[in-house]
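I have placed the structure first, in the form of structure tokens, so that the comments after it can refer back to it.
Bear in mind that the values in this text are calculations on the coordinates, not laboratory data. As the structure is a computational prediction, the values presented were derived from the model and not from experiment. Using ideal geometry, Cβ is built from the backbone for each residue, glycine included, and neighbour counts are taken over all protein chains shown.
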Amino acid sequence: MLKFLSKVKIEFNALDPRIASCMEFLAQCNARQAKESNPACQLLVKRRTDDEPPKIAVTFVNGVEETFDATSVSAQTIRTMILEKGQLLETEQMFRDAGSPGPL
């Protein structure tokens with residue numbers, strides 16, 4: 001999953017009961033296999049003290065940023081979205097490498 005990302009920023013208040021997605025996603029990012037897939041990916045954790053909802057912001061290797069509301073989206077759903085967009089990035093790169101404008 002991290003191979004498609006250049007940065008992951010996770011923000012949450014540790015006392016907020018809605019942090020399950022943030023904690024699960026953080027655990028997935030800290031897994032050995034994930035780290036080995038892209039050691040250059042920055043993982044930033046910001047512990048908040050306000051009532052802002054927990055959120056996860058990711059930056060893809062092509063510079064596109066996306067922010068997820070971690071109160072309403074599961075860590076697995078976020079991971080799936082990242083993998084789908086990552087596969088699209090890989091496909092686009094294959095077309096560029098082949099000198100083609102893309103699929104018709």
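Brief remarks on what is shown
- Whichever lysines have a C-alpha closer than 23 Å to that of residue 46, once near sequence neighbours (fewer than 8 apart) are set aside: 3, 7, 9, 35, 55
- Signed unit charges on C-beta, dipole axis of the chain, positive-most listed residue 25, 42, 67: 42
- In region 2-97, one over the average inverse separation of all distinct C-alpha pairs is 13.8 Å, which is the Kirkwood hydrodynamic radius.
- Using only side-chain charges placed at the Cβ, +1 for Lys and Arg and -1 for Asp and Glu, the dipole size of the chain relative to its Cα centre rounds to 320 debye.
- Cα long-axis angle, helix 20-30 against the chain (0 to 90 degrees, to the nearest 10): 50 degrees
- 10 °C / 1.306 mPa s Stokes-Einstein diffusion coefficient of region 5-52, Kirkwood radius on C-alpha pairs, µm²/s: 138 µm²/s
- Going from the fewest other Cβ atoms within 10 Å to the most, the residues 11, 52 appear in the order 52, 11.
- Taking the Cα centre of region 57-97 as origin and assigning +1 to Lys and Arg Cβ atoms and -1 to Asp and Glu Cβ atoms, the resulting dipole is close to 80 debye.
- Sequence-separation-based contact order of the chain, relative, with Cα cut under 8 Å and 6+ spacing, percent: 34 percent
- When shorter helices are ignored and each DSSP H run of at least 4 residues is given -39500 (n - 2.57), the per-residue value for the chain at 222 nm works out to -12500 deg cm²/dmol.
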